[in-house]
């Protein structure tokens, strides 16, 4: 009986941590997306220094995840986000609003894909 209770408690803990993981990823990605939108707006206005500041704020949110992202996410996903941030920054520094827009769309797409990947679904279980 104690083993069954321990197994049930372990399963409940794992489920709770899975829900927390999904919530945490959603919150970080939502905050990053808000900063990306501000970056996009500043870039469209031609205010590239302010756009880069917003991008840096989004990057800081990503960096805060640090080891968490590198443990729980695939390396290709983390590399893609970091490369996309670098691409946006290069476009902003070059004053290339169109290039920055494309890179921002790619970044948002990668973040949305990661958020979806972290959600529990039948496809992720079976």
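Values quoted throughout were computed directly from the atomic coordinates according to the rules given, and no laboratory measurement underlies them. Keep in mind that what you see is a predicted model, and the values were worked out from it rather than measured. A quick note on method: Cβ atoms are made from the backbone with ideal geometry, for glycine too, and the neighbour counts reach across all protein chains shown.
Some points to look at:
- Applying the criterion of being without any contact (Cβ under 8 Å) to a residue 24 or more places away in the chain and in contact with a helix residue (DSSP H, G or I) (Cβ under 9 Å, 6 or more places away or on another chain) to the residues of segment 69-82, the residue that is surrounded by the most Cβ atoms within 10 Å (Cβ to Cβ) is 69.
- Taking segment 52-61 as the range and being under 10 Å from the mean Cα position of the chain (by Cα) and under 19 Å from residue 93 (Cβ atoms) as the test, the residues that pass are 58, 59.
- Tabulated pairs, segment 89-101, first under 14 Å from residue 38 (Cα atoms), second not in a helix (DSSP H, G or I), C-beta under 8 angstrom, 6+ apart or interchain: 97/46
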